[in-house]
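Report on the structure given below.
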Amino acid sequence: MKFDELDTKMRVFETAHDYCVLPGIYIVARLDGRGFTKLTKEVHKFKAPYDERFRDYMLDTVEHLMNSGFDIIYGYTQSDEISLLFSLEDETFNRKTRKINSVLAGEASAKFSLLLGDMGCFDCRISQLANIQQVIDYFRWRQQDAHRNSLNSHCYWCLRGDGETARKATSIMDGLSVADKNELLFQHGINFNELPNWQKRGMGLYWEEYKKEGYNPVKEETVFTMRRRIKRELDLPMKDDYSGFIGKLLGY
């Protein structure tokens, strides 16, 4: 069988489920670290519950993804997860979900591994969102998850610091209300409201325009040009203000 015939015959097995996101649909890719609890708490022993070095690795990974060839207008990260909002006009890989998932997972895994000096892997999945309100709801959802995780993590590690086993600490947590958890932290000298906002709300990265100063040697004068750069926001707004923040990024 000639190569062209064999190629046509076999290619269908790769592309039979090659789904594409339709035009006019917003793409949000969410990446999660695989086995990161063991990697960060047992193998590399990052400070619990939050570690600034790990935070910066995640921020660097998001920035790398925003410069990896896709038209990404907003990146959000909390804990070991990353959410990326694509421009509505992005046509990279013809919007094939298989390609988007595999490339982003590979890029994130490679970048994070280089930063860590060890293997760290991410998976990726796509949300297809029909309108701006669904995009806003998505990021509100992830921020609320960050808030819940932050409260639970601080409580859990307070209990572990008291000598409780992992199983016992988890069991105690299961029976506590939000008010109980805040009281538990208060008894350990922690006011949850005064913790850094990046721990409670996650962190955002987006493009901003700025004036770059240069020099025109012909006219012998200073000139300014507009450039783009990624801004890191560690003090994100919350609730309705966060909705407005996401809407503004979308021109809403």
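Ranking of THR97, THR222, THR8 by solvent-accessible surface, largest first: THR8, THR222, THR97 (1.4 Å probe, protein heavy atoms only, all chains present). One chain, two ends: TYR19 and ASP56. Fully extended at 0.36 nm per residue, the span grows by 9.9 nm beyond their Cα-Cα distance.
In plain terms, the bigger the Kirkwood radius, the slower the diffusion; for the chain, with that radius from Cα pairs, at 25 °C and 0.890 mPa s, Stokes-Einstein puts D at 118 µm²/s.
Applying the Kirkwood pairwise sum to the alpha-carbon positions of the stretch 21-135 produces a hydrodynamic radius of 14.6 angstrom.
Taking the C-alpha atoms only, the angle from helix 239-249 to the longest principal axis of the chain is near 20 degrees.
Scaled against the 2.2 N^0.38 Å expected of a compact globular protein of N residues, the Cα radius of gyration of the stretch 54-116 reads 1.08.
Counting only protein heavy atoms and a probe of 1.4 Å, the accessible surface of the stretch 57-153 is 47% carbon and sulfur.
Figure note: LYS248, LYS96 ranked by solvent-accessible area, largest first, 1.4 Å probe, ligands and nucleic acids not counted: LYS248, LYS96.
For LYS200, the lysines whose Cα comes closer than 23 Å to its Cα, not counting residues fewer than 8 places off in the same chain, are LYS38, LYS41, LYS45, LYS47, LYS181, LYS231, LYS239, LYS248. Using the average count of surrounding beta-carbon atoms within 10 Å as a protection proxy, the listed peptides 33-43, 68-78 rank, highest first, as 68-78, 33-43.
Across the alpha-carbon atoms of the stretch 17-61, the computed radius of gyration and Dmax are 16.2, 44 angstrom.
Rolling a 1.4 Å probe over the protein heavy atoms gives the chain an accessible area of 58 Å² per residue. Subtracting the Cα-Cα distance of ASP240 and SER153 from 0.36 nm times their residue separation leaves 28.8 nm of extension gain. Packing, as the average of other Cβ atoms within 10 Å across residues, places the peptides 84-94, 206-216 in the order 84-94, 206-216, highest first.
For MET10, the solvent-accessible surface with a 1.4 Å probe is about 100 Å², rounded to the nearest 10.
The values are calculated or read from the model by the stated rules, or taken from the named source; none is laboratory data. Since this is a predicted model, take the numbers as computed values, not measurements. As a convention, Cβ positions derive from the backbone with ideal geometry for all residues, glycine included, and neighbour counts pool all protein chains shown. Heads up: the accessible areas ignore ligands, DNA and RNA and are worked out on the full protein's heavy atoms, side chains in. Shrake-Rupley method; radii C 1.70, N 1.55, O 1.52, S 1.80 Å.
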